[in-house]
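Notes follow the structure.
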Amino acid sequence: MERICVEGISKHFGRGSKRVDALRDVSFAVGAGEIFGLLGSNSAGKSTMVSILATLMQPSAGSASVAGIDVVAHPARVRRSIGVVLQASSVDGSQTGRRLLGLHARLHGYARPAARRRVDELVAMLDLGAFAERRIDRLSGGVRRRIDLALALVHRPTVLYLDEPTGGLDPTSRLALWDEIRALRDEGTTILLTTQQLDEAERLADRVAFLGGASIVTQGSPAALKRALARSDAPSDASDGLTLEDVYLAVTTTGAPP
Amino acid sequence: MSRRAPRDASTPQPPRWPVQVALLVGRSSAGAGRNPVLALNLVLAVFFLLVYDGSLGGAKAVVDLVGGNFYNFILPAAVLAAAVAGGAAGLILVNDIQRTYLQRQLTMPVHRSAIMVSAVTVGALQVALQAIVVLGFGVLLGAEPRTGVAGLAVVVVIALIWGLGFAGYSVMVGVLTRDVQLTSAAGLLFVPLIFMSPLLVPASELKPWVRFASSVNPASYVVEGMRALIIRGWEVEPIVKALAASIGFAAVMLSGAILVARWSFRRGF
């Protein structure tokens, strides 16, 4: 069953001559336990798509459902199924990691002892033990990003949105976060990943879609897209030397699928 | 990284609205308690108390005019000055918007109104807390409230309701401007409102144009009601007028805050 289903979503801002199309007739679906990469340049509409699916924004046209629930008709129910890591670190820096995680666990409905247990689990899972008692605004960007992820996971969401989650992280933190994302996928979590780092998408995503000119130009598995670029009738190893970067360049140059 | 615990089958249900508000108030209070501006505001309110008494309380004509104890007379002014603490509500929201923490809250199963109500509640509670501290100082310095502790409790209630209005006003400014400095400075707009009231001398001594401005100024009725409680006793009319003025002020400001917040939620942060 599809956990995320997007059908003909459009979003525009402004009116008349000032109208800007952020998304135009975008459709895709993501299954359970799948990582779907939404790729594109700056202002391609990736974060707008995440905002719509996270119920922060309503589409101008089209429909979308998450875990079978319509995001416009039942946003409150959708919010119970999703975890969100936004592009910018979204934490209350004046709190300690443990206190903020505890608050979020309580807001998601955990009773106090269960919330404490869940926080302990997350602190262990994301290696936050040495930092959990310190004010978040005194922690490094990498640790803050892990707290961001922990906050998104507090209620064990079935669908996780990661909006450029590794931006600004050092290589060690990035690799550690990748491991976590893969482990979540293996547990059955559906993950929508937006990123500009194509190597990240290539290593993590089961399927990707390229956004260009507010629309999806092409989508498929990284391997299939590379094969398409190398001409699908060629032997499979013809695509071995290609990367998603080559696909991206082809897509952005021609504005058409490879 | 260490390994994860197995996934629970049971999905928790979000808590009810009052619990959400209480949890969010706890979070915001912890942050607001560390805000040096609020401590400074309290120091200024107490400072005004001392300075007004130091400069005017020694003048026999003035003291006779206000009934013999200048601290009794000036105490409501210090309480109103402390009400600027209600601005904490707007600052909480602006800070949350700027660090995108508000957006995270909006992706959670937390009611939008719980977020707004918690911020306004923290602002109003801070006004009440500051009013209590200022009144305590006033009594220590020599004020002798005619209605005792019960009367001072009513003064705090009036301040709390006034504080709700001020918190609503700061939420409006905060959500519209999304700017910490503008939201902090928004309280300055209330300075003329406070001074165009019988703040420093009885209403009968004001010049005609100030007396007219004072008659349409809700802050005047709040000052007069508090003053009646402290100086004269349980006079029903000024107390009811003070309560009505503060409730009206709070109703207008909170309605504005609700409208602005709903519009912002629709537009997106």
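The values are calculated or read from the model by the stated rules, or taken from the named source; none is laboratory data. This one's a predicted model, so the numbers in the text were calculated from it and none came from an experiment. As a convention, Cβ positions derive from the backbone with ideal geometry for all residues, glycine included, and neighbour counts pool all protein chains shown.
Pick from region A:113-151 the residues that are small (G, A, S) and touching a Leu at 6+ places or on another chain (Cβ under 6 Å): which of them is farthest from A:L56 (Cα to Cα)? Among them, the one singled out is A:G142. Against the definition (within 23 Å of B:A219 (Cα to Cα), buried (at least 24 other Cβ atoms within 10 Å of the Cβ), free of Cβ contacts under 8 Å to residues at least 60 places away in the same chain and under 15 Å from the mean Cα position of the chain (by Cα)), how does B:V156 come out, yes or no? Against the criterion (within 23 Å of B:A219 (Cα to Cα), buried (at least 24 other Cβ atoms within 10 Å of the Cβ), free of Cβ contacts under 8 Å to residues at least 60 places away in the same chain and under 15 Å from the mean Cα position of the chain (by Cα)), B:V156 does not qualify. Of the helices (runs of 4 or more DSSP H) lying entirely inside region A:136-237, those containing at least 2 residues that are within 14 Å of chain B (Cβ to nearest Cβ) are A:141-153, A:171-186.
Is it fair to say B:S215 is surrounded by fewer than 20 Cβ atoms within 10 Å (Cβ to Cβ), within 27 Å of B:A59 (Cβ to Cβ) and among the polar types (S, T, N, Q)?
Values: surrounded by fewer than 20 Cβ atoms within 10 Å (Cβ to Cβ): yes; within 27 Å of B:A59 (Cβ to Cβ): yes; among the polar types (S, T, N, Q): yes.
Judged against the criteria, B:S215 is a match.
Selection within region B:70-114: residues that are surrounded by fewer than 21 Cβ atoms within 10 Å (Cβ to Cβ) and part of a loop (DSSP other than H, G, I, E, B). The member of this set that is nearest to the other protein chains (Cβ to nearest Cβ) is B:T100. What residue, among those in region A:112-124 that are more than 8 Å from chain B (Cβ to nearest Cβ) and of a type outside the set (V, I, T), is farthest from A:T48 (Cα to Cα)? Ranking the qualifying residues of region A:112-124, first place goes to A:P113. Residues in region B:178-196 that are in contact (Cβ under 8 Å) with a residue 40 or more places away in the chain and over 15 Å from the mean Cα position of the chain (by Cα): B:R178, B:D179, B:V180. A Cβ distance below 7 Å, combined with a sequence gap of six or more or placement on separate chains, defines the contacts here; from region A:57-72, residues that are closer than 16 Å to A:L192 by Cα reach residues that are part of a loop (DSSP other than H, G, I, E, B) in the pairs A:A64/A:V71; A:S65/A:V71; A:V66/A:S81; A:A67/A:S81; A:A67/A:T158; A:V71/A:T55. The listed residues are B:V175, B:V240, B:V201, and the only one of them that is over 17 Å from the mean Cα position of the chain (by Cα), surrounded by fewer than 16 Cβ atoms within 10 Å (Cβ to Cβ), of a type in the set (A, V, I, L, M) and at pLDDT 90 or above turns out to be B:V240. Does region B:130-143 include one or more residues that are in a helix (DSSP H, G or I), at pLDDT below 90 and within 11 Å of the chain's Cα centre (by Cα)? Checked against the condition, which is being in a helix (DSSP H, G or I), at pLDDT below 90 and within 11 Å of the chain's Cα centre (by Cα), region B:130-143 yields at least one hit. When B:V127, B:V149, B:V122 are checked against the criterion of being under 12 Å from the mean Cα position of the chain (by Cα), part of a helix (DSSP H, G or I) and at pLDDT 90 or above, a single residue qualifies: B:V122. Taking the criterion of being hydrophobic (A, V, I, L, M, F, W, C) and without any contact (Cβ under 8 Å) to a residue 40 or more places away in the chain, the residues of region B:28-73 that qualify are B:A30, B:A39, B:L40, B:V43, B:L44, B:F47, B:F48, B:V51, B:A59, B:A61, B:V63, B:F70. Could you list, in sequence order, the residues of region A:143-183 that are free of Cβ contacts under 8 Å to residues at least 60 places away in the same chain, touching a Ser or Thr at 6+ places or on another chain (Cβ under 8 Å) and farther than 13 Å from A:V91 by Cβ? The answer is A:R156, A:T166, A:S173, A:R174, A:L177, A:W178.
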